[in-house]
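We did not get these values from a lab; they are worked out from the coordinates using the rules stated. Quantities reported herein were computed from a predicted structural model and do not represent experimental measurements. As a convention, Cβ positions derive from the backbone with ideal geometry for all residues, glycine included, and neighbour counts pool all protein chains shown.
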Amino acid sequence: MSIKISVIIPVFNDKDNLKKCLRSIFDSSYRDFEVIVIDDGSGDNTQSLSQEYPCKFINLTKNMGQAYARNRGVEVSNGEIILFTDADCQLPKDLVKNISLELCRLHNENNKVAALCCRLISKDRFIEKVHAYAGYAYIQNGQKREMGYLNTACTAIYKDAFI
């Protein structure tokens with residue numbers, strides 16, 4: 001695969017979960033991607049993880065919110081495909097590679113396909129499980145539908161389409 005991928009992760013005071021997230025991303029033999037962590041004004045020394053993982057860290061001086069942080073990450077990204085995830089998500093092995101390959105395949109079949117969202121699985125909280133399965137049930141019936149939203153916890157999208 002020759003398409004460069006930028007993984008963008010906003011984080012606010014969630015260093016411990018971010019470490020698990022980064023570990024899951026880098027648990028792969030595939031390396032043609034960059035990871036951009038946007039520290040959204042945290043006070044928990046999130047940037048110290050930059051010494052453990054080969055990431056680009058962007059520090060915002062004050063908390064601006066996830067949408068602002070994601071947009072800032074896109075501005076500094078080099079990838080043709082953007083993979084958004086959240087600091088409290090742990091990605092399955094090789095998801096960066098696999099979701100990008102699938103998005104490319106779908107886009108080649110129909111150039112109107114610009115994004116691909118993943119299903120969320122929560123291990124703990126009832127409300128999160130309901131939310132995750134509600135989104136899954138929406139698309140599980142086999143009918144292709146346009147989505148009016150992006151699940152930014154795990155979505156791959158062509159950078160040009162996002163912009």
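Within 11 Å, Cβ to Cβ, of Asn63, how many net charges do the neighbouring residues add up to if Lys/Arg are +1 and Asp/Glu are -1?
Numbers: positive: Lys62; negative: Asp39, Asp40.
With Lys, Arg at +1 and Asp, Glu at -1, the neighbours total -1.
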Taking the alpha-carbon distance from Lys20 and a cut-off under 19 Å, which aspartates and glutamates remain once sequence neighbours fewer than 8 residues away in the same chain are dropped?
Glu34, Asp39, Asp40, Asp44, Glu52, Asp86, Asp88, Asp94, Asp124, Glu128
Cut-off 13 Å between beta-carbons: net charge of the residues surrounding Asp32, Lys and Arg +1, Asp and Glu -1
0
In nm, to one decimal, how far is the modelled label at Asn98 from the one at Lys4, with both set 7 Å along Cα→Cβ?
2.6
How far apart, in nm, are the 7 Å Cα→Cβ label points at Lys62 and Asn45?
2.6
Could you tell me which of the pairs Lys62/Lys159; Lys62/Lys112; Lys19/Lys97; Lys56/Lys97 are separated by over 31 angstrom between their Cα atoms in the structure shown?
Lys62/Lys112
